[in-house]
Every structure is written in structure tokens, then in C-alpha cells.
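The values are calculated or read from the model by the stated rules, or taken from the named source; none is laboratory data. The structure presented is a predicted model; accordingly, all values stated were derived computationally and were not measured. All Cβ positions, even for glycine, are placed from backbone atoms using ideal geometry, and neighbour counts span all protein chains on display.
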Amino acid sequence: MTELKGETKPELVSTITGNWYKFERSPQVDLLLDLPNKMILGVSTSISSIECYIPGSDDVYYYAGDLNFKQTETSYSVDFHGRSIESLSFNNEKIQVPSGSDALSDVRIGLDVEKSINWFKNSKF
């Protein structure tokens, strides 16, 4: 938000669809995509990242977290981190999220292409 005589004012930002939204701060991304569920994704190709913005009760969009796509010599992963993680689940089973902290939370998902290859080999598709 920009400051104007002691007040903070949201910044108006346009998405790829041409719609305008109020943001706490203008996202520094290559592309903004508004989804029908009121979420907005910001893509940063140079750092292989997708930021997620959600509206607050004031209809201003705030950073919720981001996905980072990582590759090392031996592995691939998708990392999510943000301050707004409220709940997690794996195969519809809830996973406990520590409460009482506004600290940055990290979730890493390691990827193994062999699992995907085997799934398609064994499926009826």
C-alpha cells in the first residue's frame, strides 16, 4: 500500500485478463492471473515461482504464499512457503499444523517420476 498523509492506500493492479484489483503492494512478477475462485496467481519465470494472493475482508489482495519448483542434480521438488498456512491434508487425512505462530512455514514435496510412470503403466487409461 502506498502512504498518503498518514494513510495507506491500496495499489490498483491489472491481471492478464484485463481486470483490476486492489493489492497491499504491487506484485513484482512477470504475469498475474486471476482465477474464478477469487485467488490470483503471480508467475515469476526467472525464479521458477508462483505466488498466491487472496483477498482480505477489505477486498484488498495480500500475499498468501508461493510455490517454488526446484531441481538439484539428483531430485526435483515443489516447495510451498507462506505465513497463511491454516491446514494441510494428505490423501484427505489432516496433518497437524503448529498453531500460535505467524512465522513463515515451509512444506516440501519431493517428486519421483518413476511413481508417475508406474501409475500410468498400471492404470486402465
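The set of residues from the stretch 71-100 being under 23 Å from Ser48 (Cα atoms) and either among the hydroxyl-bearing types (Ser, Thr, Tyr) or loosely packed, with under 10 Cβ neighbours inside 10 Å (or both) comprises Thr72, Glu73, Thr74, Ser75, Tyr76, Ser77, Ser84. Taking the stretch 56-96 as the range and being modelled with pLDDT of 85 or more, under 26 Å from Leu32 (Cβ atoms) and of a type in the set (S, T, N, Q) as the test, the residues that pass are Ser57, Asn68, Gln71, Ser77.
Surrounded by fewer than 14 Cβ atoms within 10 Å (Cβ to Cβ), out of contact with any helix residue (DSSP H, G or I) (no Cβ under 9 Å at 6 or more places or on another chain) and either touching a residue at least 24 places away in the same chain (Cβ under 8 Å) or not in a loop (DSSP other than H, G, I, E, B) (or both) - does that describe any residue in the stretch 34-42? No, the conditions are met nowhere in the stretch 34-42. Scanning the stretch 49-90 for residues being more than 16 Å from Leu111 (Cα to Cα) and either in a strand (DSSP E or B) or more than 12 Å from the chain's Cα centre (by Cα) (or both) gives a total of 24. Test Asp106 against the stated conditions and say whether it is part of a strand (DSSP E or B), surrounded by 10 or more Cβ atoms within 10 Å (Cβ to Cβ), of a type in the set (D, E, K, R) and at pLDDT below 90. Judged against the criteria, Asp106 is a match.
One residue is enough: does the stretch 6-14 have a residue meeting the conditions hydrophobic (A, V, I, L, M, F, W, C) and assigned to a strand (DSSP E or B)? Within the stretch 6-14 (the criterion being hydrophobic (A, V, I, L, M, F, W, C) and assigned to a strand (DSSP E or B)), the answer is yes, since at least one residue qualifies.
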